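Report on the following structure.
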Amino acid sequence: MTSTGLIDIHAHFVTDSYVAAARSAGIEHPDGMPGWPTWSVERHLDLMERSGIEKSYLSISSPGVHFGDDGAARALAREVNEFGALVRSERPQRFGHFASLPLPDVEGSLAEAAHALDVLGADGVAVETNHHGLYLGDPRLEPLWEDLDRRGALVFVHPTSPPHADDLSLGRPRPMLEFLFDTARSASDLLLRGVLTRHPRIRWVLTHGGGALPLLADRMDLFSAVVGDGPQDVPSAVEQLGRLWYDMAGTPFPRQIPALEAAFGTDRLLYGSDYCWTPEGAVLAQVASLDSSAQPSTTDTWRDLTTRNVRRLFAV
C-alpha cells in the first residue's frame with residue numbers, strides 16, 4: 001500500500017441473474033470472450049486491499065442489459081441497479097455505482113436514469129459506445145442527453161462490439177482491438193454531430209485512454225477543414241475532446257498514456273482497473289506498471305494525479 005489510494009472509475013460487477021439473462025438470450029461468449037467472469041464483494045475488496053485501491057465505482061460492462069426486448073431490458077436494468085445501489089449503500093467509502101440504462105429504449109432509459117439518480121443516488125449512468133448499432137450522436141438520443149445535461153450528470157461510456165463484429169474482428173476477442181476502435185467511433189459521433197457542444201454540462205468519461213482517439217483527433221480537424229464537414233464556429237476536435245475525461249484501464253504504459261498526454265494532457269486522466277473482466281493478476285500487474293513507470297513529475301505520482309483528478313470530477 002502507498003500513501004495515496006487509487007480511485008477506480010472503471011470497475012465492473014455481475015450477478016448470477018444477470019449472467020443467466022444473458023445466457024438465455026444466447027450470449028455464452030460475450031464480445032467473443034471465452035466466457036463470463038465471476039464477481040463478489042469480498043473478492044473485489046480483497047483485490048482493492050492488495051492493489052492499494054481506495055474506492056471502486058461499479059458498473060455493468062458490455063453487452064449491457066438490452067438483449068432484444070424493451071420490457072425485459074427495463075426489468076433487468078432495474079434489477080442490476082438496485083443491486084449496485086445496495087452494494088454502494090452498505091460500503092459507501094469503498095464503492096460507488098454507475099447505473100445501467102436499457103438503451104436503445106430511450107423512453108425506458110429516461111425513466112431508469114431518473115430512478116437511479118433521484119431515488120437510488122447513483123453516481124452517474126453507464127452507456128455503451130453503441131446500442132445495437134445506435135451510436136451516441138444519433139438524434140434519437142437527444143431527449144436523454146437533454147435530461148442528463150440538465151442534471152449535470154456523469155456518463156460513463158463503455159466500449160462494446162460494433163455492428164457486424166464477427167466480420168470485423170477476424171475471430172479475435174473484440175476487447176483486444178474493436179473496443180478501442182468503437183470508443184473512437186462513438187466519441188467522434190458525439191463530436192461531429194455537435195452533442196458535446198449542445199450538452200456541455202454532461203461529464204463524459206471514456207475508457208482505455210480514449211482508444212484510438214489520441215491518434216485521430218488531428219485527422220478529424222483536417223477532414224473538417226477539407227470537406228467543410230460540420231459547423232465552422234466551434235472549438236477544434238482536439239479542444240473538445242480534451243474536455244472529456246479518460247481512464248487508463250488496459251495497458252497504460254509504456255505507450256497508451258504518453259499518447260493520451262501528448263494529445264489531451266493529463267488533467268482529466270483517471271485510474272481504471274476493468275476488474276472483474278480483467279483478471280486479478282492482470283490488475284495487479286497494471287498497478288505495478290503504474291507505480292514503476294516514470295512518474296508525471298518529481299513531486300507527483302500517477303496515483304496522486306489520478307486521485308486528485310477524480311475528486312475534481314465529482315466536485316460538482
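Number of residues in segment 238-280 that are farther than 18 Å from Thr307 by Cα and among the acidic types (Asp, Glu): the value is 2.
Checked against (1) surrounded by fewer than 22 Cβ atoms within 10 Å (Cβ to Cβ); (2) within 21 Å of Pro159 (Cα to Cα), Val226 passes all but a single condition, namely (2). Could you tell me whether Ser109 is part of a loop (DSSP other than H, G, I, E, B), of a type in the set (Ser, Thr, Tyr) and either in contact (Cβ under 8 Å) with a residue 24 or more places away in the chain or closer than 29 Å to Ala285 by Cα (or both)? Taking the combined requirement at face value, the residue does not satisfy it. Only a single criterion out of (1) loosely packed, with under 14 Cβ neighbours inside 10 Å; (2) under 21 Å from His158 (Cα atoms) is not satisfied by Trp245, namely (1).
Taken over segment 90-123, residues that are more than 26 Å from Glu54 (Cα to Cα) and either at pLDDT below 95 or not aliphatic (A, V, I, L, M) (or both) amount to 8.
Restricting the search to helices (runs of 4 or more DSSP H) fully inside segment 8-93 and requiring at least 3 residues that are among the small types (Gly, Ala, Ser) and exposed (fewer than 13 other Cβ atoms within 10 Å of the Cβ) gives 16-24.
Annotation: Pro296 fulfils all but one of (1) within 25 Å of Val155 (Cα to Cα); (2) touching a Leu at 6+ places or on another chain (Cβ under 8 Å); the unmet one is (1). Close Cβ contacts (under 8 Å, 6 or more residues apart or on different chains) running from residues in segment 161-178 that are in contact (Cβ under 8 Å) with a residue 12 or more places away in the chain and among the aliphatic types (A, V, I, L, M) to residues that are part of a loop (DSSP other than H, G, I, E, B) and buried (at least 18 other Cβ atoms within 10 Å of the Cβ) comprise Ala165/Arg174. When restricted to residues that are acidic (Asp, Glu) and either touching a residue at least 60 places away in the same chain (Cβ under 8 Å) or surrounded by 19 or more Cβ atoms within 10 Å (Cβ to Cβ) (or both), segment 265-316 contains 4.
The values are calculated or read from the model by the stated rules, or taken from the named source; none is laboratory data. Since the structure is predicted, the reported quantities are computational estimates derived from the model, not experimental observations. Backbone-built Cβ (ideal geometry, glycine too); neighbour counts: all protein chains shown.
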